[in-house]
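Report on one structure; see the data block that follows.
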């Protein structure tokens with residue numbers, strides 16, 4: 001039924017956008033959730049909602065400002081070196097483990113080789129040209 005589908009779509013639009021409206025709509029949404037589901041929804045303070053929505057919308061575009069404000073310049077490199085040292089120590093220990101058979105050792109080495117660095121933040125966010133490609 002087109003009418004039912006139309007009402008469903010409009011209702012979903014209203015529910016998803018009510019948090020952008022003033023407090024009356026947030027209160028109505030809270031009351032609706034309480035009546036429908038028996039749970040009391042606690043709304044975020046407006047400023048927290050706005051910060052969260054901005055982050056969800058802009059994501060990586062905010063990254064450089066956050067990184068510059070919170071990360072020491074060499075902290076990502078230092079953390080990366082620590083991870084490489086741990087990986088290297090693990091791989092070296094594989095050859096000396098008496099209890100491990102060759103098939104297991106080979107599988108462990110393959111898993112170690114598959115480890116990749118995801119420390120801190122992606123490098124592209126600090127390059128305006130690369131960041132522009134995302135947005």
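The values are calculated or read from the model by the stated rules, or taken from the named source; none is laboratory data. Only a predicted model underlies this, so the values are computations on that prediction, with no experimental measurement involved. No Cβ is skipped: glycine too gets one built from the backbone with ideal geometry, and neighbour counts run over all protein chains shown.
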Inset, instruction - Can you tell me which residue within the range 28-43, out of those that are farther than 19 Å from residue 14 by Cβ and modelled with pLDDT under 80, is surrounded by the fewest Cβ atoms within 10 Å (Cβ to Cβ)? - result: 42
Inset, instruction - Would you be able to tell me the number of residues in the range 12-32 that are part of a helix (DSSP H, G or I) and either in contact (Cβ under 8 Å) with a residue 40 or more places away in the chain or within 28 Å of the chain's Cα centre (by Cα) (or both)? - result: 12
Legend entry - Condition check for residue 88: closer than 30 Å to residue 11 by Cβ and either modelled with pLDDT of 85 or more or surrounded by 10 or more Cβ atoms within 10 Å (Cβ to Cβ) (or both): no
Inset, instruction - Name every residue in the range 33-44 that is within 17 Å of residue 16 (Cα to Cα) and either assigned to a loop (DSSP other than H, G, I, E, B) or within 21 Å of the chain's Cα centre (by Cα) (or both), in order of residue number. - result: 41, 42, 43, 44
Inset, instruction - Kindly indicate which of 61, 69, 79, 89 is in a helix (DSSP H, G or I), over 30 Å from residue 27 (Cβ atoms) and touching a helix residue (DSSP H, G or I) at 6+ places or on another chain (Cβ under 8 Å). - result: 61
Legend entry - Filtered residues of the range 117-133 (kept if assigned to a loop (DSSP other than H, G, I, E, B), modelled with pLDDT of 85 or more and either touching a helix residue (DSSP H, G or I) at 6+ places or on another chain (Cβ under 6 Å) or under 13 Å from residue 83 (Cα atoms) (or both)): 118, 119, 120, 121
